[in-house]
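Worksheet: one structure, shown below.
Only the coordinates and a few stated rules stand behind these numbers; no lab work does. Computed from a predicted structure; not experimentally measured. Cβ placement follows ideal geometry from the backbone for every residue including glycine, while neighbour counts extend to all protein chains displayed.
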C-alpha cells in the first residue's frame, strides 16, 4: 500500500478499493536531546503509517521528513526546520496533486506537535478549493485517551520523553543512544506560563520529560495501541459522509 511503489496504471483500482482514501504522514527532523536521533518524529510517522496502511488497505503517501521545528532554536545542532508558511504550501500542493489522482479522503497523520497549526491551515485551504474532498488532521499523540495518557505522563510540554524514547526503543532501536540516557531527564518548566517560549528557554538539554524510565517493552505495547486506535479512526472515516449535502460554492439565496 505504498504510494511511491505504484505505477500510474495501478492508482485507479487502488483508490477505488480504499474509498478514494490516502494517508499522508508528516514528521520532522529536529533535535531530540542527547540520547535520540533527530529524525525520531519522521521515523515514527513512517513506521506507524506503514503498519496502519497494511491493516486498513489505505495507501500511504511518502512521509514528509521536514516540519515546522523553528521553536527548537539553533542552540543544539541537527534541526532542519521549515517556516510555517512553507509547510502549509507544501501540504497544499501535495493535497492538490493527490486530489487530481483521485483522492477524496485525505488523512494527515502528524507526529510533531508544532506541525499542527500549519497543517490545519492546509486543511482549510484544501477543503475550500475541492468541494468533494474531506481532509482529517490526526495528531499521533492524542488519537485516543490511552495514547494521550502515556504521552503526557511526564509533562504537558513533553519532548524526547519516556513515550517517544520507549517507542523508538521498540520499533527503531538504532535511534536511541543508551549512553547518557539515564541522565537525560529534564522537567517541564512551562506550567503556568502565559507565553509560548522556544525550547532553548524551557529545557537545558532539549528534553522535556523522563527518558530514564523508558523501556522497549512499554514501547511495544504503546505502539500497538497507536496502530489499533489510528486504524480504527481511519476505517471509520471510510464510511463517513458530510452531514449535509450542500455545495461550498452555492449561495443560500
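Provide the convex hull volume over Cα atoms per residue for region 163-253, in Å³. Numbers along the way, then the final one.
Details: hull volume 19.1 nm³, N = 91.
Each residue corresponds to 210 Å³ of Cα convex hull volume.
Counting neighbouring Cβ atoms within 10 Å and putting the fewest first, the residues 6, 241 line up as 241, 6.
For residue 74 and residue 216 in the same chain, what is the full-extension length gain: residue separation times 0.36 nm, less their Cα-Cα distance, in nm? Provide the component values of the computation, followed by the final result.
On the way: separation 142, 0.36 × 142 = 51.12 nm, distance 3.06 nm.
My answer for the length gained is 48.1 nm.
Shape annotation for region 40-81: C-alpha extents along the principal axes are 42, 13, 12 Å, from largest to smallest. Across all Cα atoms of region 75-137, the radius of gyration (one decimal) and Dmax (whole number) stand at 12.8, 44 Å.
Let me know the whole percent of all Cα-Cα pairs from region 150-195 that are separated by more than 15 Å. Counting every Cα pair in region 150-195, those more than 15 Å apart make up 50 percent.
Cα centroid separation, region 42-101 to region 190-216: 23 Å. Extension gain, residue 178 to residue 127, is 13.9 nm, computed as 0.36 nm per intervening residue step minus the present C-alpha separation.
Could you order peptides 212-221, 171-180 by the average number of other Cβ atoms within 10 Å of their residues, highest first? Kindly include the intermediate steps, with their values, before the conclusion.
Values: 212-221: 16.8, 171-180: 14.1.
Top of the packing list down: 212-221, 171-180.
Note on the chain: with a GNM built from Cα contacts shorter than 10 Å, the maximum mean-square fluctuation among 194, 52, 26 falls on 194. Under the classification rounded if a/c is under 1.5, otherwise prolate if a/b is larger than b/c and oblate if not, where does region 7-237 fall, given a ≥ b ≥ c as square roots of the Cα gyration tensor eigenvalues? Prolate, since a/c reaches 1.5 and a/b exceeds b/c.
Using a Gaussian network model of the chain in which every pair of alpha carbons under 10 angstrom is joined by a spring, one finds that among 80, 230, 193 the greatest mean-square fluctuation is at 193. Please state the shape class of region 110-238: rounded when a/c is under 1.5, otherwise prolate if a/b exceeds b/c and oblate if not, all from the C-alpha gyration tensor. Because a/c hits 1.5 or more and a/b fails to exceed b/c, region 110-238 counts as oblate. Taking every C-alpha pair closer than 8 Å and separated by at least 6 residues, the mean separation divided by the residue count of region 7-237 gives a relative contact order of 23 percent.
Order by neighbour count: 248, 66, 107, fewest other Cβ atoms within 10 Å first, most last.
Working: 248 10, 66 21, 107 26.
Least to most surrounded, the residues fall as 248, 66, 107.
The Rg/Rh ratio for region 44-161 is 0.98, where Rg is the radius of gyration of the alpha carbons and Rh is the Kirkwood radius.
Report the antiparallel proportion of the DSSP beta bridges in the chain as a percent, rounded to a multiple of 5. Intermediate values should be presented prior to the final figure.
Values: 4 of 20 bridges.
Here the share of antiparallel DSSP bridges comes out near 20 percent.
Dimensions of region 1-85 based on its C-alpha atoms, expressed as ranges along the principal axes with the largest first, amount to 49, 28, 18 Å.
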